[in-house]
1. Output yes when any residue across region 86-98 is farther than 30 Å from K21 by Cα and surrounded by fewer than 18 Cβ atoms within 10 Å (Cβ to Cβ), and no when none is.
2. Just need a number here: residues in region 114-154 that are of a type in the set (A, V, I, L, M) and more than 25 Å from L53 (Cβ to Cβ).
3. Filter region 17-41 down to residues that are more than 15 Å from the chain's Cα centre (by Cα), open to solvent by 50 Å² or more (accessible area, probe 1.4 Å) and among the acidic types (D, E), then give me how many there are.
4. Would you please name the residue that is most open to solvent (accessible area, probe 1.4 Å), looking only at residues in region 42-68 that are among the hydrophobic types (A, V, I, L, M, F, W, C) and in contact with a helix residue (DSSP H, G or I) (Cβ under 8 Å, 6 or more places away or on another chain)?
5. Going by the conditions given, is R83 open to solvent by 60 Å² or more (accessible area, probe 1.4 Å), within 26 Å of Q35 (Cβ to Cβ) and either modelled with pLDDT of 90 or more or in contact with a Lys or Arg (Cβ under 9 Å, 6 or more places away or on another chain) (or both)?
6. List pairs: first in region 103-117 and within 13 Å of D152 (Cα to Cα), second in a helix (DSSP H, G or I) and among the basic types (K, R), Cβ under 8 Å, 6+ apart or cross-chain?
7. Here is a check on your reading of the model: is L47 farther than 11 Å from I88 by Cβ, at pLDDT below 90 and aliphatic (A, V, I, L, M)?
Amino acid sequence: MSELKARLRTDLTAAMKAKDKLRLATLRMILAAIQTEEVSGKEAHDLTDDDVLKVLAKEAKKRGESAEIYTQNGRGELAANERAEAQIIDEYLPTPLTDEELANIVDTAIAQVAEDLGERPAMKQMGQVMKIASGLAAGKADGSRLSKAVKDRL
């Protein structure tokens, strides 16, 4: 079992003891999403910490989108609940990269692709740059933000 998954289970037990209903419901939802991911595909497998982080990021993104939709439709109480769940999930995610750190990662990725190609990459090689930059960012920046930084640099 990954360390992060073990920490989530420990925190779930602590939330039960503290009778913290929001944290308890959120952690149960996260663990259910992790378990669903583990049994998806042809055969069951344990997730690594990186895989668990991807699931957490996906769940946090869902909460943010739901909160936005609830706010647009005048359902403030539901939006507040979604934001509270997202805050709990964010506690388990690594701190996001600053714009400067993201620019440095993109520059490094561009330099690696340029070294492989023998010339500076253009928009045609954006996929190669994104692949390297995604590996370097490792869950600390979402894809749309990373993509925008790569486009700006190319």
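1. Just the residues of region 86-98 that are farther than 30 Å from K21 by Cα, to begin with: 97-98.
If we keep only those that are surrounded by fewer than 18 Cβ atoms within 10 Å (Cβ to Cβ) as well, we get 98.
Looking for residues that are farther than 30 Å from K21 by Cα and surrounded by fewer than 18 Cβ atoms within 10 Å (Cβ to Cβ), one finds at least one in region 86-98, hence yes.
2. Total satisfying the criteria: 5.
3. Qualifying residue count for the region: 1.
4. Kept after step one, since they are among the hydrophobic types (A, V, I, L, M, F, W, C), are these residues of region 42-68: 44, 47, 52-53, 55-57, 60, 67.
Subsequent filtering for residues that are in contact with a helix residue (DSSP H, G or I) (Cβ under 8 Å, 6 or more places away or on another chain) retains 44, 47, 52-53, 55-56, 60, 67.
Working: A44: 74, L47: 11, V52: 0, L53: 39, V55: 5, L56: 0, A60: 17, A67: 3 Å².
If we take residues in region 42-68 being among the hydrophobic types (A, V, I, L, M, F, W, C) and in contact with a helix residue (DSSP H, G or I) (Cβ under 8 Å, 6 or more places away or on another chain), then A44 is most open to solvent (accessible area, probe 1.4 Å).
5. yes
6. A103/R153; V106/R153; D107/R153; I110/R153
7. Values: farther than 11 Å from I88 by Cβ: yes; at pLDDT below 90: yes; aliphatic (A, V, I, L, M): yes.
Criteria met by L47.
Condition check ((1) at positive phi; (2) over 20 Å from the mean Cα position of the chain (by Cα); (3) surrounded by fewer than 16 Cβ atoms within 10 Å (Cβ to Cβ)) across all residues:
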residue	(1), (2), (3)
T108	no, yes, yes
E119	no, yes, yes
M130	no, no, no
L136	no, no, no
K148	no, no, yes
K151	no, yes, yes
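The values are calculated or read from the model by the stated rules, or taken from the named source; none is laboratory data. What you see is a predicted model, and the numbers here were worked out from it, not measured in a lab. Every residue, glycine among them, receives a Cβ derived from its backbone with ideal geometry; neighbour counts consider all protein chains shown. Side chains are part of the model used for accessible areas, which takes the heavy atoms of the whole protein and leaves out ligands, DNA and RNA. Shrake-Rupley method; radii C 1.70, N 1.55, O 1.52, S 1.80 Å.
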